[in-house]
Amino acid sequence: MPAFDKAIPIVRRADVFVVIGTSLMVSPASNLVRYARPDALKFVINPDQPFNPYDEYMADEFTHIREKATIGVETLIDILKEHCK
């Protein structure tokens, strides 16, 4: 991931952090989730289990939308609309 260093400050400022279509098992991109603010809303859109079993603590921080990206993004939009009411 050539822009990893540039992505870190963006992730640290985000109110919402979304990971789409990855297993989160490939470094260095998988490490980007560790930079999300503790109070940020965090989502993973992936029909499969996205977390390494050793990272169970991270799974608790994320809402897992078990859909393919096209459907999952629509679900995410609905969730965020409800959250922002």
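Just so you know, all these numbers are worked out from the coordinates, no wet-lab data involved. From a predicted model like this one, the values you see are computed outputs, not experimental measurements. For neighbour counting, all protein chains shown are included, and Cβ atoms are generated from backbone atoms with ideal geometry for every residue, glycine included.
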Check your understanding: So what is the calculated 222 nm ellipticity per residue for the chain, using -39500 (n - 2.57) for each DSSP H run with n of 4 or more, over all residues, to the nearest 500 deg cm²/dmol?
Key -> -10000 deg cm²/dmol
Study note, to complete from the structure: Scoring only Lys, Arg, Asp and Glu (+1, +1, -1, -1) among other residues with Cβ under 15 Å from the Cβ of Pro9 yields +3
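Can you give the local net charge around Pro47? Use residues other than it whose beta-carbon is closer than 12 angstrom to its beta-carbon, Lys and Arg +1, Asp and Glu -1. Walk me through the intermediate numbers first.
On the way: positive: Arg66, Lys68; negative: Asp48, Glu67.
So the environment of Pro47 carries a net charge of 0.
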Exercise for review: Only one of the values (i) 31, 13, 9; (ii) 33, 11, 8; (iii) 20, 16, 12 was calculated from this structure for semi-axes √(5λ) of the Cα gyration tensor in Å; name its label.
Suggested key: (iii)
Practice item. Would you look at the GNM of the chain, springs on alpha carbons closer than 10 Å, and say which of Ile45, Ile71, Ile20 moves the most? Key: Ile71
Review point. What lysines could a cross-link reach from Lys81, if we take a straight Cα to Cα line under 22 Å and drop same-chain neighbours fewer than 8 places away?
Key: Lys42, Lys68
